[in-house]
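Worksheet for the structure shown next.
Readers should treat all values here as calculations from the given coordinates under stated rules, not as data from a laboratory. Quick caveat, the model's predicted, so the values are computed rather than measured. Please note: Cβ atoms are built from the backbone with ideal geometry, for glycine as well, and neighbour counts cover all protein chains shown.
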Amino acid sequence: MSESAVLKLICANQGSIRVAELEANGCFDDVRRIISNREKFVCCRSGGEQKVVAKTELRLCKAKVCQGCNNLHLCRKFLLGSCPFSQSSGCQFSHHLTSDHNMKMLGQHGLQDLDRTELCMLLLQNDNFLLPPICFHYNNGGGPFGWCQDGDSCTKLHICEKHLQGYCQCHRAHDFHDPQPLKTLQARGVPSWLFGFLKTVYINKRVLRSHDDDLQQHLQTFSTGDTRAAANYPDDFDFGIMNISTKNQLKSDNYPWYKTQGGNCSSYSKSQFKGTF
Ligand SMILES: [Zn+2]
Ligand SMILES: [Zn+2]
Ligand SMILES: [Zn+2]
Ligand SMILES: [Zn+2]
């Protein structure tokens, strides 16, 4: 089983899959080696089982006229299902997933084997441009809108985060078809066929976000030599299955935050990592 086959299988399964299911589809060692690539896969625990979530650094280009970039040149509505305009009747974005530029970008990220729906599921959970964020203030405090000052006109999603993580019976909205979430999603052009997948997409988004936070904290911890904090890493942050190339990626330019945290990570050295993994 190749890496692109694993990625395709995960994306066809709404962007995440149980590791046991992956192993049933391929050789145990191959699967473990492939999903240890932290550029493309993030492992977590869900309901006592190990799950793997698909990750990518590829994003949609937001420019109507782009002078050249390394993002995908594709109409957002076209990616999400259908664009009401053809390119001859007004849409200023490309409807050609297989243009030379896009094939080059997809190839660079190992996504050339995904069809449009699989790519859509992958980008939905990775590219924050595609879906509205969940309103933090709505989820905190009492009253019908929590701390949110904008009430029903808030452009963030008024949906219960606890419900997304499991069963909840609070007064907050638990259904993407409730008036505020429906209006917010429609305003962002999210088609109704995607609504049934949104719970999984937002759960996956949360896993990917917390992975980035954990990784950042980890680098900072080892840069300061605080081994007590290092002992507190969650089960899902499993460095044990990292391979050498993945370890090397930690210090590569692939993590933009690594650069932005230059001050905090300045004392990071190869030997500190060597002794840790
Ligand atoms: Zn561009
Ligand atoms: Zn379009
Ligand atoms: Zn709000
Ligand atoms: Zn709730």
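Laid out as a table, the results:
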quantity	calculated
Within-15-Å neighbourhood charge of Q92 [Cβ basis; K, R +1; D, E -1]	+4
Residue order, fewest to most surrounding Cβ atoms within 10 angstrom, among F93, F28	F28, F93
Within-14-Å neighbourhood charge of Q112 [Cβ basis; K, R +1; D, E -1]	-1
Proxy reagent accessibility, fewest Cβ within 10 Å first, across M105, M121, M1	M1, M105, M121
Theoretical FRET efficiency, 1/(1+(r/R0)^6), r = Cβ-Cβ of K183 and N25, R0 35 Å, to 0.05	0.30
Net charge contributed by nearby residues that have their C-beta within less than 12 Å of H158 (K/R +1, D/E -1)	-2
Lysine pairs within the stretch 1-154, Cα separation less than 15 Å, 8 or more sequence positions apart or different chains	6
Stretchable slack from R209 to D115, in nm (0.36 nm times residue separation minus alpha-carbon distance)	31.3 nm
Unit charges on C-beta of K, R, D, E only; dipole of the stretch 3-54, Debye	180 debye
Taking S88, S36, S153, S16 and counting other C-beta atoms within 10 Å, the order from fewest to most	S88, S153, S36, S16
